[in-house]
Amino acid sequence: MADQRLETPVIIIGAGPAGTGTSFFLSKAGIAHIVIEKALFPRDKVCGDACSGKTALVIKRANPEWLEEILDKDKEFLPSWGIKFVAPNGRDLDIPFTAKRTKETKAPGFTVSRLKFDNFLFEKMRASAYCSVYQEAEVLNIEIKEDGMVCVRMRQNQQEYEIISRIIVGADGDKSAVRKKFINADTSPKTYAVGLRAYYEGVSDMHSDNFIELHFLPEMLPGYFWIFPLPDGKANVGVGILSEVIRKKKINLREMMLNAIKTNPAISKRFANAHLIDKIQGWGLPLATEKQALSGDHFILTGDAACLIDPFSGEGIGNALYSGMLAADAIQKSIAQKDYSKEFFKQTYDDVVYKRLGDEFRISTAMQRLCKYPWLFNYVVNKAYKSPSLKNTISCMFTDMDMRDQLRKPSFYFKILFNK
Ligand SMILES: Cc1cc2nc3c(=O)[nH]c(=O)nc-3n(C[C@H](O)[C@H](O)[C@H](O)COP(=O)(O)OP(=O)(O)OC[C@H]3O[C@@H](n4cnc5c(N)ncnc54)[C@H](O)[C@@H]3O)c2cc1C
């Protein structure tokens, strides 16, 4: 028997970007909800700590003042202006995120430790009168009763709760219990990557405009080694590789990363005076390479629980927040129409997610596959190094999806070949 019984229109499991994103927009719509989180905030999450323009966009939609706060605190949220690609042959290419930059322009991206960033989101979330948060809470059971009510049994502070609702949102990350319960299938190994994160101090030659760096080392393709600048002279350093490649080639990821730091000529000299300031930690990345169900009767999955990480860049924070925003919209409609069915959520959530993000996922999946061909990568980077217009084209690809789609087409490479 539960000690307490609570009723709420929506239950959200998980208070990372997907959970907070859902909560922000439910609160905006005046819909009460309960958030159940197993950790105690502030809590860490293994990540590259790089936030893109999509992250900024959702935060701005939730509340423009929150984005202003982030942009004003540029010592905590380090503004990032671009990306450095290092091709397998070692040639590097600096691509600004924005082709036109004026004094007034704000940086499109920023880097911040997830410990800080997620806590920022968490505090904004729990300030809302519509949101009740239970931290350090253990979900004991999730079920849908015959009358169509979702029932979550949860324990917090030795008290047991039974929480009743019409809708449950799985925002509980890559090992989602909600996903396991309702989708009843583990993520296919093909769509999974594994990443390692290490915090360093004293890495030299960081870009003056805080460009994030992706080093496509031949031994890691189609994955990469990264160095992302952080506030206070720190850096987030890591590797991310497809699980199937790790398995097939029997890769020891930690050894591979430390080996690159120690022996790669361009990288090792930058680590000559650097030191590790935290233990190296790993985590999974469920990638959005295949279209799959994101919802069902009475439930919606968001963020990593829905496998929405960009298959090329590994970006998942923006998609987690964005899917949360779309989930809240679908929930609002479902409550208004008293329809919590699989068919309704497919139309109002799954279809909308894939309409908005599907092209991006397809292009990124194609780019990830192209990375298996180092010569092609070297070729594009060599050409762009010499051609300002090609560099500009690649820069525009960050904001223009039609431009990015060019990367999938043989005609793009043909044009480069003949300098058209
Ligand atoms: C090595 C690595 C590097 C990455 N680098 C980047 C990057 O630079 N930029 C980027 O955009 N993305 C990056 N990602 C992806 C990004 O970290 C994720 O996509 C993002 O965290 C997803 O947010 P989420 O809210 O879905 O899940 P999470 O951030 O994992 O949050 C899930 C929350 O649910 C809670 N939870 C889990 N289970 C339960 C439960 N049973 N009950 C209650 N609560 C529960 C957890 O405690 C957590 O707070 C990286 C990922 C990895 C692994």
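Descriptive notes on the structure:
- Subset of segment 262-286 (residues that are in contact with a helix residue (DSSP H, G or I) (Cβ under 9 Å, 6 or more places away or on another chain) and within 16 Å of the ligand (Cβ to nearest atom)): I280, G282, G284, L285, P286
- Selection within segment 26-42 - within 16 Å of the ligand (Cβ to nearest atom) and surrounded by 17 or more Cβ atoms within 10 Å (Cβ to Cβ): L26, H33, I34, V35, I36, E37, K38, F41
- Within segment 287-309, being within 8 Å of the ligand (Cβ to nearest atom) and closer than 22 Å to K372 by Cβ holds for one residue alone: I309.
- Checked against (1) touching a residue at least 12 places away in the same chain (Cβ under 8 Å); (2) farther than 24 Å from P311 by Cβ, A288 meets all criteria but (2).
- Qualifying residue in segment 284-291 (condition: aliphatic (A, V, I, L, M) and in a helix (DSSP H, G or I)): no
- In the condition set (1) within 16 Å of the ligand (Cβ to nearest atom); (2) open to solvent by less than 10 Å² (accessible area, probe 1.4 Å); (3) touching a helix residue (DSSP H, G or I) at 6+ places or on another chain (Cβ under 7 Å), S364 is compliant with all but (3).
- Residue check for D402: modelled with pLDDT of 70 or more, of a type in the set (D, E), surrounded by fewer than 18 Cβ atoms within 10 Å (Cβ to Cβ) and more than 20 Å from T20 (Cα to Cα): no
- Hits in segment 4-46 (condition: at positive phi and either acidic (D, E) or out of contact with any Asp or Glu (no Cβ under 9 Å at 6 or more places or on another chain) (or both)): G30
- So E143, is it loosely packed, with under 15 Cβ neighbours inside 10 Å, within 15 Å of the ligand (Cβ to nearest atom) and among the charged types (D, E, K, R): yes
For every residue, the table says whether it meets (1) under 20 Å from M206 (Cα atoms); (2) modelled with pLDDT of 95 or more; (3) more than 16 Å from the ligand (Cβ to nearest atom).
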position: L57; (1), (2), (3): no, no, no
position: P64; (1), (2), (3): no, yes, yes
position: T98; (1), (2), (3): yes, no, yes
position: E104; (1), (2), (3): no, no, yes
position: M125; (1), (2), (3): no, yes, no
position: Y134; (1), (2), (3): no, yes, no
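- Which numbered condition D94 fails, given (1) of a type outside the set (S, T, Y); (2) within 16 Å of the ligand (Cβ to nearest atom); (3) open to solvent by 20 Å² or more (accessible area, probe 1.4 Å); (4) not in a loop (DSSP other than H, G, I, E, B): (2)
- Note on segment 44-58: residues that are among the hydrophobic types (A, V, I, L, M, F, W, C), surrounded by 22 or more Cβ atoms within 10 Å (Cβ to Cβ) and in contact with a Lys or Arg (Cβ under 8 Å, 6 or more places away or on another chain) total 1.
The values are calculated or read from the model by the stated rules, or taken from the named source; none is laboratory data. Keep in mind the model is a prediction, meaning the values are calculated, not measured. Note: ideal-geometry Cβ built from the backbone for every residue, glycine included; neighbour counts use all protein chains shown. Ligands, DNA and RNA are stripped out before the accessible areas are found, and what is left, the full protein with its side chains, is counted by its heavy atoms. Shrake-Rupley method; radii C 1.70, N 1.55, O 1.52, S 1.80 Å.
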